[in-house]
Structures are given as C-alpha cells and as structure tokens.
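Beneath this line is the structure, given in structure tokens, with notes to follow.
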Amino acid sequence: MTIWTNLALAMAAGALLNLTPCVLPALPIKLRTIGRAVGNGPRQRLIAGIALLAGTLTFFGALALATAALNWTWGSLFQAAWFRAALALLLAGLGVYSLAGRGVQPPQWVYRIQASGYAEPYLAGLLAAVLSTPCTGPFLGGVMAFALTQTPSTIFMLFIAVGVGLALPYLILLARPGLLSRIPRSGPWLQRVQQVMGLVLLAGATFFATTVLGERFGTLLWAAWLGTLTFWLLRAFAVGPGFGARLVPAVVLALVAVSTVAIGLNRSGAAAHELPWQPLTEQALASARAANRPVLIEFTADWCINCKVLEQTVYANKAIARAVAATGMVVLRADLTRPDAALDAYLRSFGGAGLPFAVVLKPDGAIHQRLPDLFTVSTLATAIETSVESTRGNE
C-alpha cells in the first residue's frame, strides 16, 4: 500500500478509536466542551475546534517523536506505573467534580483560563488522545506496524493522521452545530447526564488504579465504586415525590447494576484460567515445534481494556477451548504490563505494533494468521482449526 493509503487508513483508525472502551472516560469532557461551544458564534466554535485538535495533536506529535527516536510501541507509556497512577488520579478528580456538580468550585484562575475558550477543549482533546493508546481499533494495528518500518518523517505523518481522525467527529459537530440543535441545553436531565458521566470517569479511574495497586486493593476500589453507583441510583430514582412508587424500581436498578458488574469482575478472574496458558518463551516455542503442535500467542497487559474484553468474551468461550483441545494447540501468553524487551521483540517479530494482538502459528512455527485489535470467537476458532488443516494440505 502507498503512503497515502496508509494515511487515509490512519485517519479512519483514529476516528474509530472513539468507539473503543479506552476513549469512553474522555467522552464526558468532550460532550461538555461541544455543548458549551454550540451556543456560541462561528468564531468561538472555531477556537474550540482548533484547541481540541491542538490537544489531540500535542500528544500524538510527542508520541510520534518518541516512537521514531526511542523505538516505542503503541501503548508503551502505560507500562509505567507512575503514568497509570497519575491518570487514575486525574480521572478520579474529574469524576468527583462531575458527580458533585456545583458543589465543587475550582480556583478562580481556572475560570480565567476557561474564559479564553482554549483550556477545556484543549484538555478534552489531550485526555482523549492519552486514553486512546491502550487500545488499537480497526486498521490501527496494520497502520502502526507499517509506521515502525518507515522513516521518522513518515512515522510523524501517520501519527498526526491518527490524531486528526480521533478529533474529526467532534470537529464536525462543532462545524455543524445544527446536528445537535434538537438536544435541549438545560434542565434537570443535564445534571443527571453529568452525574452519569462522572460515574464513567470514576470507573476509568478505578480500572487504572487497580493495575497499579493490585487485585486485592482493586477489589476494594470496585466495591467502593459499586457503593457509589448504588447510592446514586437510590438517590436519583427513589428520593422525592412519590417515594413509595419509586423505591421498588430504584432498588431493582441498583441490584441489576451491582449484579452485572460483580459478575463481570468474577468473570475477569476466571477468564484467565479458561485455557492452559503458559508464558511465552523461546523454550516453549521450540517445544511446540518439536512436538509438531500449532501455537496461539496472546499479547496482553493489565492496563489494556480491549485485552480484558477479549479475555472475558473470546478466550473464555467454550468454542475456543474445544478448538484448542481438538488441535492440540499450545497457548502462550505475553504479559506486557511492565516493560519487557524480549516480549516487545516477539511482538514486533510477529508483525504486531500494539495491544491487543494475537498470532496463530502452524505446527512448523510459520505464521498462519495475525489477529490485531478486537476479533470475534468465530474468527479465532477458524484460525485455530485451519492452522492444522493448512499444514496437512501442504504435506
């Protein structure tokens, strides 16, 4: 593919990153930025759009320079515990502010900066860019793999294209405010939405804090978040006129929410034991080749939200377990939660440029299929089954 094709794919990949779970915590700030700018004139909307794009490109420009100079991979920043801790604190602060509404007043200098029209959209774009790096959406894995083989100038252009794509949907909304004209701009519903977004921000903070503090403290944090969610549901739906009539649905909502998240947490602990995972090592690969067995390798990290989605939905599926058993496949896992030069080298050698990433090897060790980004149970099951069939067909 030409550089222009890859630039177009990079922009499309950036736009699609908005649909990944990683960018979700930045959604409240982006929506608030757009909501405030829509009621202003063209000049103010233009300033907001430029500031939002500048925030996005600030991060992607720095990431491009680091990738070219330091040979980083997509998401390398999240391997640093201090970075995840700082991000958790930032999201927690924003979440508390959103939940409290007018109850929390920032310092006066914040109001002076916001009055210029630059600060909030700039930070919205910057935060969305930072949060996007643990995820790779459609096309992004291929684009990043291509970028790592190019000159520094090409790497820079590709990263900037991803940043433009990430900001593009919001720039369109700012340029065409009529698309949001039917949405009411004030009223009790707005405060309710702001509080929901605060809960989303706190969930993001809890996720990243868990990767730093460990599962034991993480469980306590998730329990605290569930308690906050339950309290908010009860207060939102069961307090006020008609208390008796609203109490039952509020309790039901609270129980459903708590049960849903609790089940998800239990599944996250069980999903990793669904398959007989072994650490990725040269010895494990050599043993599989000597035994003439196919291999599935998963590259993952505790901070990779999409990796956790795959582990709970795809790798934990019984169809995958049956396919692995039927083919005698060896399943290996590369944990990139912390920096590991050897595992990074394996990721690059198999054609990966970010997480999540998986690769299926034939019994002779040749690459059968690469699986970047998110994929389905049927895609992985087919790759596992055909890895043996393709080898037999060549005999």
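Summary of computed values
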| read-out | value |
| --- | --- |
| Odd one out for residue 209 among (1) aliphatic (A, V, I, L, M); (2) more than 20 Å from the chain's Cα centre (by Cα); (3) modelled with pLDDT of 85 or more | (2) |
| In segment 304-335, residue modelled with the lowest pLDDT [restricted to those that are in contact with a Lys or Arg (Cβ under 6 Å, 6 or more places away or on another chain) and crowded, with 17+ Cβ neighbours inside 10 Å] | 312 |
| Conditions (1) in a loop (DSSP other than H, G, I, E, B); (2) closer than 17 Å to residue 286 by Cβ: number failed by residue 315 | (2) |
| Odd one out for residue 369 among (1) at pLDDT below 95; (2) within 16 Å of residue 327 (Cα to Cα) | (1) |
| Residue that is nearest to residue 199 (Cα to Cα) [pool: residues in segment 64-90 that are in contact with a Pro (Cβ under 6 Å, 6 or more places away or on another chain) and either assigned to a helix (DSSP H, G or I) or at pLDDT 70 or above (or both)] | 78 |
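The values are calculated or read from the model by the stated rules, or taken from the named source; none is laboratory data. The structure presented is a predicted model; accordingly, all values stated were derived computationally and were not measured. Methodologically, a virtual Cβ is constructed for each residue, glycine included, from the backbone with ideal geometry; neighbour enumeration extends over all protein chains shown.
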